[in-house]
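One structure is given here, and the rest of the page talks about it.
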Amino acid sequence: MFEEEKHKNPLVSDGLEQLNITNRKATGISDFMDRVHSINGLHFVSAITQIFLGTSVVALSLINSIQPFWLATIMTVFGSITTMVGLYFMYSIITHSGAFDSLLHKAIKRVISSQN
């Protein structure tokens with residue numbers, strides 16, 4: 001029934017575009033914070049610990065702090081594997097967090113669109 005007036009003033013439309021840009025940024029930040037809070041803290045800490053300890057073992061063996069060369073070689077291999085597993089674990093934690101939420105949101109959108 002009532003139609004809103006369309007503003008022909010470029011200052012008003014520019015202000016609306018800037019408002020939309022800040023809303024998108026705010027939505028991105030809030031989405032990131034939502035993901036961070038949905039991550040299991042223990043898994044996150046264990047992934048960071050694996051990365052840190054694996055990297056430190058490799059660094060110690062590279063600066064010759066571990067004296068028998070064969071032990072340094074074995075520790076470097078295990079440290080590298082631990083670092084790779086920790087990085088993969090961190091990747092899987094970050095990418096798979098909130099998978100159920102997105103499934104729920106998709107289901108709700110399907111129900112709403114089918115009702116319309």
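The values are calculated or read from the model by the stated rules, or taken from the named source; none is laboratory data. Fair warning: this is a prediction, and the values are worked out from it, not measured in the lab. Ideal geometry is used to build each Cβ from the backbone, glycine not excepted, and the neighbour counts take in all protein chains shown.
Tabulated data
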{"item": "Matching residues, segment 34-55, being in a helix (DSSP H, G or I), surrounded by fewer than 16 Cβ atoms within 10 Å (Cβ to Cβ) and at pLDDT below 90", "result": "Asp34, Arg35, Val36, His37, Ser38, Gly41, Leu42, His43, Val45, Ser46"}
{"item": "Residue, surrounded by the most Cβ atoms within 10 Å (Cβ to Cβ), within segment 56-93, restricted to residues that are small (Gly, Ala, Ser) and over 20 Å from Val45 (Cα atoms)", "result": "Ser61"}
